[in-house]
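Visitor: Following this message is one structure expressed as structure tokens.
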Amino acid sequence: MEHLTSAHGFYLTATGAPLELRPLTDLQPGAHDVVVEVAGCGICHTDVGFARDGVPTRHPLPLVLGHEISGTVVQCGTAAADWLGRAVVVPAVIPCGECPACVAGRPTICRRQFMPGNDGHGGFATHVKVPARGLCAVPAPLPPGVPLSWLSVVADAVTTPFEAIARSGLHADHVAVFVGVGGVGGFGVQIAAAVGAGVVAIDVDEGRLALAGSHGASLTLNSGTTDLKRMRAAVRAFVADSGRNGIGLRIFETSGTTAGQQTAFGLLDFGAHLAVVGYRPQAVEVRLSNLMAFDATAAGNWGCPPERYPDALRMVLDGKVRLDAYVETHPLARAADVFQDVVDHRVSRRAILCPQ
Ligand SMILES: [Zn+2]
Ligand SMILES: [Zn+2]
């Protein structure tokens, strides 16, 4: 325990307050827990919701936020000893494995799930205690130029669109449309391209569109300068020209914005599948009957089952999903300032906090 005495984390103490550096207590693992020395923890839109928009955390404040964690296991409970010393990605949502939802194969809706930085202290810290169940082992050695800290984004920003894409049944004959191609959408574009689908990227930011264009998107549309009618026409023309059968667009709302949600819904077409990946607390007005008129499907997913993490991680390790243009690292010591920069939209890449 000696080396954990200086363990510390950045706590949210109240909505709107700056994150506050405090010691970490209670790092003693239970029988089925491990303590992970954090290599990196990504800052997610959901953390901003907790810290600034008043979205309540399930564990009362003060709480260390952060659910996008990679690191190395440095302590194990008696039933989790196999994990000692291993590099891991910690799933953002860790199901209990025993409740009716888990038994029925729906672990992402487990009501006894543990989400770091929501149900207990998270990864904006030097260390985090989590259940060993569901940990994703990171094989050694890592590919050149991919540090363990970067793999933190696999915990949420890669696996959540990965799961949405899997559930959509996307295959090489489909056209996939991503509305919002920042981190989550940018990874979605690459996953869909790796599946072989034709990929359309929509965003208001020309820089993000250019990046998507060099990472698998064949058509990019600026929704800030193109109205919905023209975007619909462009997508239909792309489907026709792509040589794919075109039955059932796969549309992914990855912006988490009101305008993005309206665009995604507005692109519904015959047999389409709309997956809502981005979160937005505000309501959006849509004509729900379009689902019926187009014989379309709308779906959402809360994270990704831990058993799918190794396949998502493999895509990153094989270079099918590249992280380099989509992430940036910052010292954990600057967590409060970096978090505020994310809140104020001064960071365009996925910001990762690194204790080392
Ligand atoms: Zn998240
Ligand atoms: Zn469960």
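Visitor: Over region 130-233, what percent of the accessible surface lies on carbon and sulfur atoms, probe 1.4 Å?
Guide: The value for region 130-233 is 58 percent carbon and sulfur by accessible area.
Visitor: Relative to the present Cα-Cα distance, how much length would full extension add between Ala104 and Ala283 at 0.36 nm per residue of separation?
Guide: Stretched out fully, the Ala104 to Ala283 stretch lengthens by 61.4 nm.
Visitor: Cα axis of helix 183-195 to longest principal axis of the chain: angle in degrees, 0 to 90, nearest 10?
Guide: So the inclination is approximately 60 degrees.
Visitor: Something else now. Looking at the chain as a GNM with Cα springs under 10 Å, which of Arg280, Arg346, Arg232 has the largest mean-square fluctuation?
Guide: Arg346
Visitor: Could you pull out which residues in region 57-88 have an amide N less than 11 Å from a spot 7 Å beyond the Cα of Ala17, following the Cα-Cβ vector?
Guide: Label zone hits: 61-63.
Visitor: What nm value, rounded to one decimal, do you get for the distance between Ala137 and Val347 when each label is placed 7 Å out toward the C-beta?
Guide: 3.1 nm
Visitor: Right, another one. For a paramagnetic label modelled at 7 Å from the Cα of Asp53 toward its Cβ, which residues of region 88-125 fall within the zone defined by backbone nitrogen distances under 18 Å?
Guide: In region 88-125, the label zone of Asp53 (backbone N under 18 Å from the point 7 Å along Cα→Cβ) covers 117-119.
Visitor: Further, regarding this structure: Expressed as an acute angle from 0 to 90° and rounded to the nearest 10, what is the orientation of the C-alpha long axis of helix 159-168 relative to the principal long axis of the chain?
Guide: 40 degrees
Visitor: Please state, as a whole number in µm²/s, the translational diffusion coefficient that the Stokes-Einstein equation yields for region 307-356 at 4 °C and 1.567 mPa s, with Rh defined as the Kirkwood radius across alpha carbon pairs.
Guide: Rounded, D is 104 µm²/s.
Visitor: Let me ask another. Roll a 1.4 Å probe over the protein heavy atoms and report the accessible area of Asp337 in Å², nearest 10.
Guide: Roughly 90 Å² of Asp337 is accessible to a 1.4 Å probe.
Visitor: In square nanometres, what is the average projected area of the Cα convex hull of the chain?
Guide: Mean projected area for the chain: 17.3 nm², to one decimal.
Visitor: Please give the residues of region 257-279, grouped as numeric ranges, whose backbone N is less than 18 Å from a label point set 7 Å along the Cα-to-Cβ vector of Arg236.
Guide: 263-273
Visitor: When the convex hull of the C-alpha atoms of region 84-182 is computed, what volume per residue in Å³ does it have?
Guide: Taking the convex hull of the Cα positions in region 84-182, it is 162 Å³ per residue.
Visitor: Where does region 27-86 land on Rg/Rh, using Cα atoms and the Kirkwood Rh?
Guide: With Rg and the Kirkwood Rh in hand, the quotient comes to 1.07.
Visitor: Quick check: at a probe of 1.4 Å, how many percent of the accessible area of region 244-356 sits on carbon and sulfur atoms?
Guide: The value for region 244-356 is 50 percent carbon and sulfur by accessible area.
Visitor: When ligands, DNA and RNA are left out and all protein chains stay put, how many square angstrom of accessible area per residue does the chain have with a 1.4 Å probe?
Guide: Computed with neighbouring chains in place, this is 42 Å² per residue.
Visitor: Of the candidates Gly300, Gly66, Gly122, which one comes out as most mobile in a Gaussian network treatment of the chain with C-alpha springs shorter than 10 Å?
Guide: The residue that fluctuates most here is Gly300.
Visitor: Next question, about the same structure. Positive end of the charge dipole of region 4-146 (Lys, Arg +1 and Asp, Glu -1 on Cβ, about the Cα centre): tell me which of Ala137, Val103, Gly122 has its Cα farthest that way.
Guide: Ranked along the dipole, the leading option is Val103.
Visitor: How much of the DSSP bridge set in region 77-231 is antiparallel, in percent, rounded to the nearest 5?
Guide: So the antiparallel bridges in region 77-231 amount to around 25 percent.
Visitor: Same structure, new question: If you build the Cα gyration tensor of region 161-298 and take the root of 5 times each eigenvalue, what three semi-axes come out, in whole angstrom, biggest first?
Guide: Rounded to whole Å, the semi-axes are 19, 18, 15.
Visitor: Continuing with this model, one more query. Show me the GluC sites (Glu not before Pro) within region 1-103 that DSSP assigns to loop and that have at most 13 other Cβ atoms within 10 Å of their Cβ.
Guide: When the GluC sites (Glu not before Pro) of region 1-103 are filtered for loop state and at most 13 Cβ neighbours within 10 Å, Glu98 remain.
Visitor: Of the DSSP beta bridges with both residues in the chain, give the percent that are antiparallel, rounding to the nearest 5.
Guide: 50 percent
Visitor: Which residues' amide hydrogens lie under 5 Å from the amide hydrogen of Val204, considering only partners 5 or more residues apart or on another chain, with H built in the peptide plane?
Guide: Close amide H contacts, sequence-distant or interchain: Ser223.
Visitor: What are the ³J(HN,Hα) couplings of region 215-223, residue after residue, when phi is run through the Karplus curve with 6.51, -1.76, 1.60 and θ = phi - 60°? Round to Hz, x for glycine and proline.
Guide: Ordered by residue, 3J(HN,Hα) equals 10, x, 7, 8, 10, 10, 10, 8, 6 Hz.
Visitor: Also, I was wondering about something else. Can you tell me the mean projection area, over all orientations, of the convex hull of region 1-146's alpha carbons? Units nm², please.
Guide: Directional mean of the projected Cα hull area for region 1-146 stands at 9.5 nm².
Visitor: If you build the Cα gyration tensor of region 248-336 and take the root of 5 times each eigenvalue, what three semi-axes come out, in whole angstrom, biggest first?
Guide: Semi-axis lengths for region 248-336 are 31, 19, 12 Å.
Visitor: From the backbone phi of region 124-135, what are the Karplus-calculated ³J(HN,Hα) couplings (6.51 cos²θ - 1.76 cosθ + 1.60, θ = phi - 60°) in whole Hz, Gly and Pro given as x?
Guide: Calculated HN-Hα couplings, in order: 6, 6, 6, 9, 8, 9, 9, x, 5, 4, x, 4 Hz.
Visitor: About its Cα centre, what dipole magnitude does the chain give when the only charges are +1 on Lys and Arg Cβ and -1 on Asp and Glu Cβ, stated in debye to the nearest 20?
Guide: With Lys and Arg at +1 and Asp and Glu at -1, about 540 debye.
The values are calculated or read from the model by the stated rules, or taken from the named source; none is laboratory data. Predicted model only: the values in this text are computed from it and were never measured. Cβ sites come from the backbone with ideal geometry, for glycine too, and all protein chains shown count toward neighbours. Accessible surface is based on the protein model in full, side chains and every heavy atom, while ligands, DNA and RNA are left aside. Shrake-Rupley method; radii C 1.70, N 1.55, O 1.52, S 1.80 Å.
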